[in-house]
Structure formats: structure tokens, C-alpha cells
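Peer 1: Got a structure for you, questions after.
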Amino acid sequence: MKTLDDLLRQERFSDADIIRLLGLTDPEDCERLRRAAYDLTTRLVGDLVHYRGIIEFSNRCTLNCRYCGIRRDNRALERYDLSLEQLVEGAVWAAENNYGSVCLQAGERRDESFVAFVEDCIREIRARTRSERLPEGASITLSLGEQPLETYARWRAAAGEADCMRYLLRMETTNPEIFARLHPDGFAHEKAYASRIQALRDLRTAGFQVGTGGMIGLPGQTLADLCADIRFYQRMDVDMLGMGPYILSRGGDMLDEGMLEQGPLLQLALNMLAVCRLVLRDVNIAAATALQALAEDGREQGIAHGCNIIMPNITPRPVRKRYQLYDNKPCIDEEPTDCRACLEGRIHRMGRRVGWNQWGCSSHFRRRMNLPVVVLSAIDIADERSGSSLMDIPVQHGSTRMESVSIRNRASLTKS
Ligand code: SF4
């Protein structure tokens, strides 16, 4: 068998290699994997971490995904919608605070008033976020679920010519059986496996930079399933990934199925991020807020394992508590200004810096479009910081030992 160091030096990985890397539990092996992913990130993508100020503008949803705290049948939840002015003000605040990019997220709706509302918001944000520092205005990521191609085309057109539009549509899992368990039938357009794949294709057709991703540690999921997810991301040639650990939601309908214990789940999620970096190489990868629900420094650990995107929550504080897809979501009591300072500190502590006033398009997208790719190296930043070395910053693995705990559905996380 290859040594781990030999394996990590490869540029191409077999399924067996990927499954072996995903299943690492020994702290020294995990650290080797982390280091390889971090080094590849700084070499291919650069040292900047880009912000996407996320505005969760409505928790109304017409779907009923069983894992989700804002699903249609959660009658206990008080629903809200931000007005156009509130939403656009949030985006303008982000631009004035040097964020080059915002993300608009809401539950899934396809009615004309919703589609037109989003269209108007995109136009307003693109017009009102222009400044000397951001002459082309903020770029926008939409995370609004499956829509017909015509809707994607309308939203893309509302932004104008510039390559500033991205769309995140998570596949959740590529295992069709697990997918079917997460998404019950019974409503006109409940999520379906095939239509989700078609939607990802439609997004590319409509001219978006396309992102997808999945949940890590789902009940019944195996390492082979996670490997299949990575192969899917490769086949779809995605520009960005948004993945997070699966965390139970009291507003969902899966309490009886349990979840992995915190430490092993965090390690598995970090392994997945690192392996995605090694296999997909130059895509943007977000350090999901859900990582911080598992460990106070979860997002820093995500950055240390190959992520280069962070999504500070700039949703107005009074409604933030009502947008919880999973339990124990962090940062629901802070003001946007608190998040800005807190996250910048976290990124600096990792020896990285924020890509202020930049769109932060993925290098993968830029290469795909034959656009120039500028990669700021560790040396540029070490110079700026009087020679401090990025590689000397320790990452804590103390709470992530898989062998020290038992897991309710651990048995399913086998290597087959
Ligand atoms: S995951 Fe998205 S589509 Fe599914 S219920 Fe939650 S908000 Fe709606």
C-alpha cells in the first residue's frame, strides 16, 4: 500500500484513495491531510479569504425537506419576509464595509411575485453598491433553490453583462436512496433527484458561476457515498462548493435518526473539505457556518483545511433566530458589525487576510473562461506581516479524535 505522504503528493486520486483519505482518524494523519490541502489552496487559489455577506431574506418555504428547520410543515415557526428596502440596505451596508460580494438566501418559492421581487433586488443591489472602491458594484450569489430555466435567465439578466452572478444549489447527497428519504413526495414540486441535476445544468446555461455541495454525516451515508459526491462535483465541473456537516434540527422530521457525535462529525467534515480541495483543486470552497456549531473555531479549521470563502451573516438581527435550518446555529445574536470584526480577527489569526472589495470569483471559473488568474502567495503576505510564516500556525485537533467516542450511526460510515 502507498504511504500517506506518497498518496498526498498525487494530483489524481482513485476512488480507493479518496475513501482512504476521507476515513483518516489518526491525528497525525489528519494533520498531514490538512497540510496538503492548505498548501494546495495557497499555491493554486492564493491566500485571500473572500466574504459573501449573507442576507436570509425570507424563511417561507414551499418545500418540506425532512432535515430542515424552516420546512413547510414546521408550524411552530414564525415566518418573515424582508422588504426590498431592508434587503438592499443590507447589501449596501456590506459594500460600504468593503465586502465585494453578497449572498441572497431564502426558502424555495416559484411564484411570480417572488421571482419579480428577487429580480428587482438584483437590479437595485447592482446599481446601489457601486462606489470608487467597487466600481462595478457587488457580485451576488443566489441560493434560492430549484427554479425553471426562464427564472434563472431572468435573474441573470437583471444583473447586467458583468460576470458577477453565482448560484449555490446543493445536491445534498448523490445517493438516490438517501436523497429520497430526505425529500418526501406529496407536493407539486418537492425536490427530485433528476430535476436537481437538470437545474444545475440550467444554471450553467443561464450564465451563472455554479456551486453545489452536500451534507456530510447523514444517517446511512457511507464514505463511498461521500466519494461519489466528490466525483459528481467533478463531473459537473462546478466552480464552487458549499458543504456542511449534517446537524439535527428540532424543527425537522429526523430526530429519531440521530446524528454523528460532534468530534467525529467535525473531523469527517474537515476531511471532506480537504479531500475536495485535493481533488477539485481550484474551486472556491466555503467554510460553512455549521462548522462553528460543532467547534468554536470550526470555521478557522475549515480555512485550515482548504476553504477560501466565509459567509458573514448580515441578516437583520431581529429575524435571524427565525432562519435556522439546523440547531445551535452560531452568530444569531450578533450585529453585522460584530460579525465583521470577529471574522476578520479569526482570519488574521489563521495568517490569512480578507479580500476586501473583490468579487472573489473562483480560479476554476476564471480558468474555464480564459480570464487571468492572480494568485497572491504566502510570501506576499509574509512580507506584509514582517516575515511571520503562515505554516507555523497550529491547528487544534484535540476535540476531533474519532476513536474516543461512540456514534449512533457510525456503523454506516464504513469504507464500502
Ligand atoms: S432545505 Fe431549503 S428547500 Fe428544503 S425545506 Fe429547507 S429552506 Fe426549504
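Peer 1: Assess whether Arg281 counts as being on the phi > 0 side of the Ramachandran plot, of a type in the set (D, E, K, R) and either in contact (Cβ under 8 Å) with a residue 40 or more places away in the chain or in contact with a His (Cβ under 6 Å, 6 or more places away or on another chain) (or both). I'd like the intermediate steps shown before the answer.
Peer 2: Values: on the phi > 0 side of the Ramachandran plot: yes; of a type in the set (D, E, K, R): yes; either in contact (Cβ under 8 Å) with a residue 40 or more places away in the chain or in contact with a His (Cβ under 6 Å, 6 or more places away or on another chain) (or both): yes.
For Arg281, the condition - on the phi > 0 side of the Ramachandran plot, of a type in the set (D, E, K, R) and either in contact (Cβ under 8 Å) with a residue 40 or more places away in the chain or in contact with a His (Cβ under 6 Å, 6 or more places away or on another chain) (or both) - is met.
Peer 1: Just one of the numbered conditions (1) modelled with pLDDT under 95; (2) among the aliphatic types (A, V, I, L, M); (3) away from the ligand (no atom under 13 Å from the Cβ) is not true of Ile216; which one?
Peer 2: Among (1) modelled with pLDDT under 95; (2) among the aliphatic types (A, V, I, L, M); (3) away from the ligand (no atom under 13 Å from the Cβ), Ile216 violates only (1).
Peer 1: Right, here's the next one. Which of the numbered conditions does Met236 fail, given that it passes all the others? Conditions: (1) buried (at least 21 other Cβ atoms within 10 Å of the Cβ); (2) within 19 Å of the chain's Cα centre (by Cα); (3) hydrophobic (A, V, I, L, M, F, W, C).
Peer 2: Result: Met236 fails condition (1) only.
Peer 1: Another question about this same structure. Evaluate the following for Arg154: is it under 19 Å from the mean Cα position of the chain (by Cα), within 21 Å of Gln105 (Cβ to Cβ) and surrounded by fewer than 20 Cβ atoms within 10 Å (Cβ to Cβ)? Working first, answer last.
Peer 2: Details: under 19 Å from the mean Cα position of the chain (by Cα): no; within 21 Å of Gln105 (Cβ to Cβ): yes; surrounded by fewer than 20 Cβ atoms within 10 Å (Cβ to Cβ): yes.
It is false that Arg154 is under 19 Å from the mean Cα position of the chain (by Cα), within 21 Å of Gln105 (Cβ to Cβ) and surrounded by fewer than 20 Cβ atoms within 10 Å (Cβ to Cβ).
Residue by residue, here is whether (1) in a helix (DSSP H, G or I); (2) in contact with a helix residue (DSSP H, G or I) (Cβ under 6 Å, 6 or more places away or on another chain); (3) modelled with pLDDT of 95 or more holds:
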| site | (1), (2), (3) |
| --- | --- |
| Cys227 | yes, yes, yes |
| Ile230 | yes, yes, yes |
| Gly251 | no, no, no |
| Asn271 | yes, yes, yes |
| Ala286 | no, no, yes |
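Peer 1: Tell me which of these Tyr99 doesn't satisfy, since it passes every other one: (1) assigned to a helix (DSSP H, G or I); (2) closer than 27 Å to Leu241 by Cβ; (3) away from the ligand (no atom under 16 Å from the Cβ).
Peer 2: Evaluating Tyr99 over (1) assigned to a helix (DSSP H, G or I); (2) closer than 27 Å to Leu241 by Cβ; (3) away from the ligand (no atom under 16 Å from the Cβ) leaves (1) as the failure.
Peer 1: Run Leu8 past the list (1) modelled with pLDDT of 95 or more; (2) of a type in the set (A, V, I, L, M, F, W, C); (3) outside any helix (DSSP H, G or I) and report the number of the one that doesn't hold.
Peer 2: (3)
Peer 1: Next up: Spot the failing condition for Val49; the list is (1) within 20 Å of the chain's Cα centre (by Cα); (2) modelled with pLDDT under 95, and only one is missed.
Peer 2: (2)
Peer 1: Collect the residues in region 60-92 that are more than 9 Å from the ligand (Cβ to nearest atom) and of a type in the set (Gly, Ala, Ser), keeping them in residue-number order.
Peer 2: Within region 60-92, Ala76, Ser83, Gly90, Ala91 qualify.
Peer 1: Going residue by residue through region 41-56, is there one that turns out to be buried (at least 19 other Cβ atoms within 10 Å of the Cβ), farther than 17 Å from Ser143 by Cα and within 16 Å of the ligand (Cβ to nearest atom)?
Peer 2: no
The values are calculated or read from the model by the stated rules, or taken from the named source; none is laboratory data. It should be emphasised that the depicted structure is a prediction, and the values quoted were computed from it without experimental measurement. All Cβ positions, glycine included, derive from the backbone under ideal geometry; neighbour counts span all protein chains shown.
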